[in-house]
Amino acid sequence: MSGIQSTPNPPITPDEVVQQLRALREQIPEFVVLPRSDTASMTRAASVGGAFVQASINAVGASDALRVAVGKTAEELRQETELAARWGAVVDELDALRAGASAAATVRRHRIGLTALQTYRMSQQLVRTKEHAHLLPHVEVMRRRAKLTKRRGNQPQPGGESGPQPEPLAPMKQP
């Protein structure tokens with residue numbers, strides 16, 4: 001191994017990611033968000049096979065009349081085709097980035113939800129003793145919020161994410 005050690009990149013904040021993505025978006029040539037109707041109407045021509053495109057470029061290269069009619073030379077069309085393929089690689093990387101960021105968000109929400117569920121269960125056990133009676137109002141709030149979330153089909157509540165909620169247990173009598 002070489003004596004060079006790489007330093008890990010410091011974690012980036014969500015706000016910094018959004019800021020960088022917006023700056024990057026401004027640098028992408030022809031960046032546009034199309035309405036579905038426009039996308040649907042463009043799909044047929046955008047999906048023409050590579051062999052057909054190459055044959056059309058060859059035809060333009062063989063005919064001055066076609067070059068004039070199309071308004072581009074065969075070489076310009078080849079360059080556009082190659083550039084479009086390279087932007088396809090960018091789209092693939094962005095898809096992978098989105099999938100990874102989405103998975104990371106799921107992992108974070110899972111960790112938070114699991115901790116909340118564990119806290120609820122532990123609190124239910126602790127309130128069985130007098131020394132932890134001060135937790136009773138908190139357990140009651142968690143119980144009510146769990147029911148409210150279930151009734152509304154696991155819709156997120158203001159102030160936080162929701163996920164699978166525990167079935168509230170009937171409180172046990174205190175000793």
Check: Which of the residues belonging to segment 34-84 are part of a helix (DSSP H, G or I), of a type in the set (S, T, N, Q) and either touching an Asp or Glu at 6+ places or on another chain (Cβ under 8 Å) or loosely packed, with under 10 Cβ neighbours inside 10 Å (or both)?
Finding: Ser37, Thr43
Notebook entry, point to check: Ile12 is checked against (1) closer than 26 Å to Ala105 by Cβ; (2) surrounded by fewer than 10 Cβ atoms within 10 Å (Cβ to Cβ) and fails just one. What number does that condition carry?
Noted result: (2)
Check: Out of all the residues in segment 1-16, which are under 18 Å from Ala101 (Cβ atoms) and either assigned to a loop (DSSP other than H, G, I, E, B) or touching a residue at least 60 places away in the same chain (Cβ under 8 Å) (or both)?
Finding: Asn9, Pro10, Pro11, Ile12, Thr13
Notebook entry, point to check: Out of curiosity, is Leu94 under 30 Å from Val32 (Cα atoms), modelled with pLDDT of 95 or more and in a helix (DSSP H, G or I)?
Noted result: yes
Next item on the list: Return yes when Phe31 is touching a helix residue (DSSP H, G or I) at 6+ places or on another chain (Cβ under 7 Å) and surrounded by fewer than 10 Cβ atoms within 10 Å (Cβ to Cβ) and no when it is not.
Entry: yes
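The values are calculated or read from the model by the stated rules, or taken from the named source; none is laboratory data. Since the model is a prediction, treat every value here as computed from it, not as a measurement. We place every Cβ from the backbone using ideal geometry, glycine too, and count neighbours over all the protein chains shown.
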